[in-house]
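Enquirer: Below you will find the structure I want to go over with you.
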Amino acid sequence: MSWQSYIDTNLVGSGRINKAAILGLQGGVWAASAGYTLSAEEQKAIVNAFSNPSTVMASGLKLAGKKFLGLRATEDSIYLKQGGSGAVLRKTKQAVLVGEYEPPTQAGEATPIVENLGDYLVSTGY
């Protein structure tokens, strides 16, 4: 399966995630939903956030130019909120999954979509 098909089928295709991307831990965008662009600075900040989760809680993160506040941050998962919208970030062995959702989708509906794909990728070595 191509990386783009994970975006199109598993994340955005779920109907719960509006925008998504897969970033390589070594840099670069492996795949992204149409029109979803994370700047080089944002990509670096996302990858680095997993090394120091407390910074996310203190400063939040920017995704595609939008500032999100940290709700929960660990070395594996980061949950963000901005108004009624939110984002779930999941680190795997080689990548970071980024999934943004918008109302009427709630965090409890979007989170398992990203987390379960992350668990699957970890189990396959990615």
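The values are calculated or read from the model by the stated rules, or taken from the named source; none is laboratory data. Model, not experiment: these values are computed from the prediction. Note that we place each Cβ from the backbone using ideal geometry, even for glycine, and neighbour counts take in every protein chain shown. We work out accessible area using only protein heavy atoms, side chains counted, and drop any ligands, DNA or RNA first. Shrake-Rupley method; radii C 1.70, N 1.55, O 1.52, S 1.80 Å.
Enquirer: Please give, to one decimal in nm, the separation of the simple spin-label points placed at V29 and D119, each 7 Å out from Cα toward the Cβ.
Expert: Between V29 and D119, the label points sit 2.9 nm apart.
Enquirer: A further question follows. Taking all protein chains as present, what is the carbon and sulfur share of the accessible area of the chain, in % to the nearest whole number, probe 1.4 Å?
Expert: Heavy-atom surface of the chain belonging to carbon and sulfur, 1.4 Å probe: 51 percent.
Enquirer: Follow-up question, since we're still on this one. I need the calculated FRET efficiency for the pair W3 and R72, taking r as the beta carbon distance and R₀ as 22 Å, to the nearest 0.05.
Expert: After rounding to 0.05, the efficiency reads 0.25.
Enquirer: Assign unit charges at the C-beta atoms only (+1 for Lys and Arg, -1 for Asp and Glu), then state the dipole size of the range 22-126 relative to its Cα centre in Debye, rounded to the nearest 20.
Expert: Charge dipole of the range 22-126: 220 debye, to the nearest 20.
Enquirer: Probe of 1.4 angstrom, ligands and nucleic acids ignored: what's the accessible area per residue over the chain, in square angstrom?
Expert: 48 Å²
Enquirer: Now, a different point. Taking square-rooted eigenvalues a ≥ b ≥ c of the alpha carbon gyration tensor, is the range 39-126 rounded, prolate or oblate, where a/c under 1.5 means rounded and, failing that, a/b exceeding b/c means prolate?
Expert: Verdict is oblate for the range 39-126.
Enquirer: Using +1 at the C-beta of Lys and Arg and -1 at the C-beta of Asp and Glu, which of G65, A34, S54 has the Cα lying farthest in the positive direction of the dipole of the range 27-79?
Expert: Towards the positive end, the residue furthest out is G65.
Enquirer: So how many Lys-Lys pairs in the range 1-108 land under 13 Å Cα to Cα, not counting same-chain pairs under 8 apart?
Expert: 5
Enquirer: Calculated from DSSP H runs of 4 or more alone, at -39500 (n - 2.57) each and per residue, what is the 222 nm mean residue ellipticity of the chain, nearest 500?
Expert: Here the helix-only value at 222 nm equals -8000 deg cm²/dmol.
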